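Beneath this line is the structure, given in structure tokens, with notes to follow.
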Amino acid sequence: MAMTLREALEVIAKHRGRRVVISTMASIAVWPQLSDTGLDFAYIPSAMGQGPALGLGLALAQPEHGAIVINGDGSTLMNLGSLVMLANQPANVYVVIIDNGIYEVTGGQATAGSGHTDFSAIARGAGIKRVYAFETAAAWSGKASEAFSQPGPVVIVLKVEARMGQKTPLPPRPMPEQISRLQQALGV
């Protein structure tokens, strides 16, 4: 049985270190319950699929921090080119793909290729050398330390239970406040 979104995110919270965490789409509803620091950035309203580009920019600008991007499978499909871009950059960016097979916050429609899209194979095909995939919380928890200790770019694919009827979450605070908090936390 696939893990819940909360179980998946709890493991990230435990192993994030001092990395910036960029949450997108459905994860924004859960992440603030697990972490509320200046290094947390809820990227919504966002253009779906743009989280990895933001994470890469932050990881390049702040190599001592790096970035974790919590990206949905639908968002990943919206910008598969970001995987090629990440593969060609020596940056500590970790893209965690939450694969639940649906566009959770837009009505629960099945994602294109739902059930047979292999995000791990796509990431490897794009040139990313460090790719992990987990279907259970126990397996993810057991290998998360290894995944986050590898230099980036790293792609982690997590099979997560779909939750129908979810509304688009609101960010925990207005965007100008989030930006200010992030700048303060990074010392810029």
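Structure notes:
- Each residue in the stretch 101-125 was checked for being at pLDDT below 90 and not in a loop (DSSP other than H, G, I, E, B), and 7 pass.
- Residue check for Gln166: over 15 Å from the mean Cα position of the chain (by Cα), closer than 20 Å to Ala53 by Cα and modelled with pLDDT under 95: no
- When the stretch 10-40 is filtered for residues that are under 22 Å from Ser145 (Cα atoms) and of a type in the set (A, V, I, L, M, F, W, C), the ones remaining, listed by number, are Val11, Ile12, Ala13, Val20, Val21, Ile22, Val30, Trp31, Leu34, Leu39.
- Residues of the stretch 134-188 that turn out to be among the β-branched types (Val, Ile, Thr) and within 21 Å of Ala91 (Cα to Cα), as a count: 5
- Selected residue (criterion: surrounded by the most Cβ atoms within 10 Å (Cβ to Cβ)) from residues of the stretch 141-178 that are among the basic types (Lys, Arg) and in contact with an Asp or Glu (Cβ under 7 Å, 6 or more places away or on another chain): Lys159
- Conditions (1) under 17 Å from Leu158 (Cβ atoms); (2) without any contact (Cβ under 8 Å) to a residue 60 or more places away in the chain; (3) among the β-branched types (Val, Ile, Thr); number of the one not met by Val84: (1)
- Those helices (runs of 4 or more DSSP H) lying entirely in the stretch 26-79 with at least 3 residues modelled with pLDDT of 95 or more: 51-61
- Subset of the stretch 120-133 [crowded, with 16+ Cβ neighbours inside 10 Å and free of Cβ contacts under 8 Å to residues at least 40 places away in the same chain]: Ser120, Arg124, Arg130, Val131, Tyr132, Ala133
The values are calculated or read from the model by the stated rules, or taken from the named source; none is laboratory data. In this text the structure is predicted, and so the values were computed from the model without any measurement. Every residue, glycine as well, gets a Cβ built from its backbone with ideal geometry; the counts of neighbours run over all protein chains shown.
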